[in-house]
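Below is one structure; the comments refer to it alone.
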């Protein structure tokens, strides 16, 4: 497994544009091999690390973790990774339950790339917010808009990669939101 190159990242961006349109050509933009499967995890992990570095000062104060950057970073990373893994496991059950004949590995690849790209798109907004270049509340508005787009993306990925009908695609998107909310609440109870 290597690091994705510029060509692969550019193809993934093109693929995401096809996903947004519901165009099956999206699948041709990604490396659907076993190596491509594992490489699809790299961008979301890098984007996650940068996101937490930018978010950490504000969130640490709100959560009462001042002075414990490493502990706070580990909790955030654990929450993110747990949500990611739990969701992909739930989708595997959904695929079996709905007897979808599509490709689960293709779903994971498209999901991972889309997640990495949308997280990376948040980084400039987060940085501008941290440096007080945006008005208060701008980041929350961006997160809400991105959530709506993200749920649409997940539904489209389910349709394209899994061959899901509208109900199963909506279930895949709703499941993403439900798993995220559930695990965030669980982590907040533990914190």
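Within segment 162-174, identify whether any single residue is farther than 24 Å from residue 17 by Cα and in a helix (DSSP H, G or I), and answer yes or no.
No, because not a single residue in segment 162-174 is farther than 24 Å from residue 17 by Cα and in a helix (DSSP H, G or I).
Which residues, counting only those in segment 1-12, are exposed (fewer than 14 other Cβ atoms within 10 Å of the Cβ) and in contact (Cβ under 8 Å) with a residue 24 or more places away in the chain?
Within segment 1-12, 1, 2, 3 meet the criteria.
Among the residues of segment 96-121, count how many are surrounded by 15 or more Cβ atoms within 10 Å (Cβ to Cβ) and modelled with pLDDT under 85.
So the answer is 3.
So, residue 138, is that one touching a residue at least 24 places away in the same chain (Cβ under 8 Å) and touching a helix residue (DSSP H, G or I) at 6+ places or on another chain (Cβ under 8 Å) or not?
Against the criterion (touching a residue at least 24 places away in the same chain (Cβ under 8 Å) and touching a helix residue (DSSP H, G or I) at 6+ places or on another chain (Cβ under 8 Å)), residue 138 does not qualify.
Might you check whether a residue that is assigned to a loop (DSSP other than H, G, I, E, B) and either modelled with pLDDT under 75 or closer than 22 Å to residue 106 by Cβ (or both) occurs anywhere in segment 41-57?
Yes: one or more hits.
Given the conditions (1) buried (at least 17 other Cβ atoms within 10 Å of the Cβ); (2) over 20 Å from residue 12 (Cβ atoms); (3) without any contact (Cβ under 8 Å) to a residue 40 or more places away in the chain, and given that residue 92 satisfies all but one, which numbered condition is not satisfied?
Failing condition for residue 92: (1).
Any chance you could count how many residues in segment 102-127 are in contact with a helix residue (DSSP H, G or I) (Cβ under 8 Å, 6 or more places away or on another chain) and either outside any helix (DSSP H, G or I) or closer than 19 Å to residue 51 by Cβ (or both)?
Number satisfying all stated conditions: 18.
Could you pull out the residue among 32, 27 that is more than 25 Å from residue 125 (Cα to Cα), at pLDDT 90 or above and assigned to a loop (DSSP other than H, G, I, E, B)?
Testing whether each residue is more than 25 Å from residue 125 (Cα to Cα), at pLDDT 90 or above and assigned to a loop (DSSP other than H, G, I, E, B) leaves just 32.
Filter segment 61-89 down to the residues that are surrounded by fewer than 18 Cβ atoms within 10 Å (Cβ to Cβ) and at pLDDT 75 or above and list them by number.
Those that are surrounded by fewer than 18 Cβ atoms within 10 Å (Cβ to Cβ) and at pLDDT 75 or above: 77, 78, 81, 82, 85, 86, 88, 89.
Counting only residues that are under 19 Å from residue 119 (Cβ atoms) and either loosely packed, with under 15 Cβ neighbours inside 10 Å or modelled with pLDDT under 90 (or both), how many does segment 147-182 have?
5
The values are calculated or read from the model by the stated rules, or taken from the named source; none is laboratory data. Quick caveat: nothing in here was measured; it's all calculated off a predicted structure. Positions of Cβ are backbone-derived with ideal geometry, glycine not excepted, and every protein chain shown enters the neighbour counts.
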